Amino acid sequence: MAQDITAAHRTRAVCRAAARFCGLRGWAPVTEMPLPNGRRADILALLPDGGFAVVEVKSCARDFLADAKWPDYRDYCDRLYFAVDLDFPQELIPDEVGLLVADGPDAALLRDAPAHPIAPSRRRALLHRYAVVAAGRLAALQDPAGLAELRAALRVE
């Protein structure tokens with residue numbers, strides 16, 4: 001149980017550092033972003049050029065080795081990164097993805113992700129999904145009671 005708490009804490013810390021990395025570069029990160037294929041990206045960031053980057057956060061080698069789904073994210077981004085902390089064995093990360101390493105509240109880019117542009121129609125659909133999710137989360141922050149009422153109403157139907 002304590003080990004799970006530690007892994008969860010590490011994951012949150014790396015995710016915060018990766019989101020900060022994105023923001024400092026003018027990327028607009030949305031965490032826990034649901035994708036059309038049923039997967040959920042740890043971070044989907046809208047890039048200044050209109051492209052998308054997925055940042056997959058890994059808390060430890062076991063977390064990485066148990067995850068066979070990360071290639072599924074490639075269809076929904078122009079660049080794919082892993083974000084890990086300083087203790088992570090970086091040699092496990094494949095060369096065909098970018099690498100961010102978190103150190104406290106900050107993250108550094110150790111390897112840029114190669115570009116693999118997604119189709120324009122998929123980009124439009126993904127941009128729409130991104131906007132709806134981000135706007136919904138902002139609305140929920142501004143009106144938590146309204147969100148609770150909406151969820152209750154949707155459960156009744």
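The values are calculated or read from the model by the stated rules, or taken from the named source; none is laboratory data. The model shown is predicted, which means the values in this text are computed figures rather than measured ones. Positions of Cβ are backbone-derived with ideal geometry, glycine not excepted, and every protein chain shown enters the neighbour counts. What goes into the accessible areas is simple: the full protein's heavy atoms, side chains included, and nothing from ligands, DNA or RNA. Shrake-Rupley method; radii C 1.70, N 1.55, O 1.52, S 1.80 Å.
At a probe radius of 1.4 angstrom, the accessible area of the chain per residue rounds to 57 square angstrom. Residue by residue, segment 78-91 carries 3J(HN,Hα) couplings of 8, 9, 10, 10, 10, 10, 9, 9, 5, 7, 6, x, 4, 5 Hz when phi is fed to the Karplus relation 6.51 cos²θ - 1.76 cosθ + 1.60 (θ = phi - 60°); x denotes Gly or Pro. Note on segment 44-124: the C-alpha convex hull projects to 5.5 nm² when averaged across all orientations.
Per DSSP helix of 4 or more residues, -39500 (n - 2.57); summed, then divided by the residues of the chain. What does that give at 222 nm, rounded to the nearest 500? Only helices count here, giving -13500 deg cm²/dmol. Annotation for Ala153 and Ala13: the two label points, set 7 Å from Cα along the Cα-Cβ direction, are 4.3 nm apart.
Only Lys, Arg, Asp and Glu carry charge here, each on its Cβ (+1 for the first two, -1 for the last two); on that basis the chain has a dipole of about 460 debye about its Cα centre. Among the trypsin sites (Lys or Arg not before Pro) in segment 1-50, those located in a DSSP loop and surrounded by at most 16 other Cβ atoms within 10 Å of their own Cβ are Arg25, Arg39. With coordinates expressed along the principal axes, the C-alpha atoms belonging to the chain extend over 49, 44, 29 Å, beginning with the largest. Taking all protein chains in place and a 1.4 Å probe, what share, in percent, of the accessible surface of segment 1-105 do carbon and sulfur account for? So the carbon and sulfur contribution to the accessible surface is 53 percent.
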